[in-house]
Amino acid sequence: MRGLLGSLRQNVTDTGLLRLYLVSFAMMGAFVTVYNYLTFRLSAPPLRLSSTIIGFLFVTYLAGTYSSAAAGRLADRFGRQWVLVCGVLVAAFGALVTLSGALVLIVAGLVVLTAGFFAVHSVASGWVGARAKVAPAQASALYMCAFYVGSSVAGSAGGVFYGHGGWPETVAFVLALLAVALASAVSIRR
């Protein structure tokens, strides 16, 4: 138990790891908020898409298949921090594009946001294991805990913003989460 608590202490006091956990929380919160509440926007007037068509939008996850692998190559070439920053900015651009009233642009924005999210997640999760001085599996578990807490807490909070101000206010909340992720990524020291 002493060894477990000692490694836990190190994995929650390393400021770089804490920033990566915050990146995880904020990115997943933004991602889940978009996927949770965009469906309401698409089913409402003026688009009035059926639930079958809306369900097909999850095919946009395939953008993550490409961006995850590309992010790894880019991280090897330009560094992890550069990829994190660029990935967050890509996701933010995608979120902004979803403000359009044109379905094709909404879908394009969703693809871009998804690609940015998976690029950040693949690099950040790998960086946690590489950065942890002790118990890298424990550090990775803490990263995933932040990931799922972000999904639950921020993903649910997004509904408050959608209920209050519709899609524009939801996107503002998503951009605030992405700003947290960006600030955390920029502030990581080697």
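Quick check on Val134: is it outside any helix (DSSP H, G or I), open to solvent by 30 Å² or more (accessible area, probe 1.4 Å) and of a type outside the set (Gly, Ala, Ser)? Spell out how you get there, then give the answer.
Working: outside any helix (DSSP H, G or I): yes; open to solvent by 30 Å² or more (accessible area, probe 1.4 Å): yes; of a type outside the set (Gly, Ala, Ser): yes.
Judged against the criteria, Val134 is a match.
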Worksheet item: Residues of the stretch 69-83 being touching a Leu at 6+ places or on another chain (Cβ under 9 Å) and open to solvent by 30 Å² or more (accessible area, probe 1.4 Å), which ones?
Response: Trp82
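Yes or no, residue by residue, for (1) out of contact with any helix residue (DSSP H, G or I) (no Cβ under 7 Å at 6 or more places or on another chain); (2) closer than 20 Å to Arg19 by Cα:
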| residue | (1), (2) |
| --- | --- |
| Gly72 | no, yes |
| Val83 | no, yes |
| Val88 | no, yes |
| Ala95 | no, no |
| Gly101 | yes, no |
Discussion item. Against the condition closer than 26 Å to Arg189 by Cβ, in contact with a Ser or Thr (Cβ under 6 Å, 6 or more places away or on another chain), touching a residue at least 24 places away in the same chain (Cβ under 8 Å) and open to solvent by 40 Å² or more (accessible area, probe 1.4 Å), how does Arg19 come out, does it pass?
Written reply: yes
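Quick test for you: out of Gly155, Gly165, Gly126, Gly159, pick the one residue that is closer than 23 Å to Val90 by Cβ and surrounded by fewer than 20 Cβ atoms within 10 Å (Cβ to Cβ).
Working: Gly155 fails: surrounded by fewer than 20 Cβ atoms within 10 Å (Cβ to Cβ); Gly165 fails: closer than 23 Å to Val90 by Cβ; Gly159 fails: closer than 23 Å to Val90 by Cβ.
One residue alone meets the criteria, Gly126.
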Discussion item. Filter the stretch 168-189 down to the residues that are at pLDDT below 95 and open to solvent by 60 Å² or more (accessible area, probe 1.4 Å) and list them by number.
Written reply: Arg189
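Taking only the stretch 96-133 into account, find how many residues are more than 30 Å from Asp14 (Cβ to Cβ) and of a type in the set (A, V, I, L, M).
Going through the stretch 96-133, the residues more than 30 Å from Asp14 (Cβ to Cβ) turn out to be 96-112.
Next, only the ones that are of a type in the set (A, V, I, L, M) stay: 96-97, 99, 102-108, 110-112.
Residues meeting the conditions: 13.
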Fill in: Given (1) open to solvent by 10 Å² or more (accessible area, probe 1.4 Å); (2) touching a Ser or Thr at 6+ places or on another chain (Cβ under 8 Å); (3) in a helix (DSSP H, G or I), index of the condition Leu49 fails
(3)
Worksheet entry | Number of positions in the stretch 52-61 that are more than 14 Å from Gly116 (Cβ to Cβ) and open to solvent by 70 Å² or more (accessible area, probe 1.4 Å) | 5
Item to complete: Output the number of the condition that Cys145 fails; it satisfies all remaining conditions of (1) modelled with pLDDT of 95 or more; (2) open to solvent by 50 Å² or more (accessible area, probe 1.4 Å).
Response: (1)
Item to complete: Just need a number here: residues in the stretch 84-114 that are in contact (Cβ under 8 Å) with a residue 24 or more places away in the chain, open to solvent by 30 Å² or more (accessible area, probe 1.4 Å), part of a helix (DSSP H, G or I) and under 19 Å from Pro168 (Cβ atoms).
Response: 4
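Quick check on Phe118: is it part of a helix (DSSP H, G or I), aromatic (Phe, Trp, Tyr) and surrounded by 19 or more Cβ atoms within 10 Å (Cβ to Cβ)? Steps first, please.
Numbers: part of a helix (DSSP H, G or I): yes; aromatic (Phe, Trp, Tyr): yes; surrounded by 19 or more Cβ atoms within 10 Å (Cβ to Cβ): yes.
When the stated conditions are applied, Phe118 passes them.
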Worksheet item: In this structure, does Phe25 turn out to be closer than 19 Å to Gly150 by Cα and not small (Gly, Ala, Ser)?
Response: yes
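The values are calculated or read from the model by the stated rules, or taken from the named source; none is laboratory data. Keep in mind that this is a model prediction, so the values were computed, not measured. FYI the Cβ positions are ideal-geometry reconstructions off the backbone, even for glycines, and counts take in every protein chain you see. These accessible areas exclude ligands, DNA and RNA; they are computed on the full protein's heavy atoms, side chains included. Shrake-Rupley method; radii C 1.70, N 1.55, O 1.52, S 1.80 Å.
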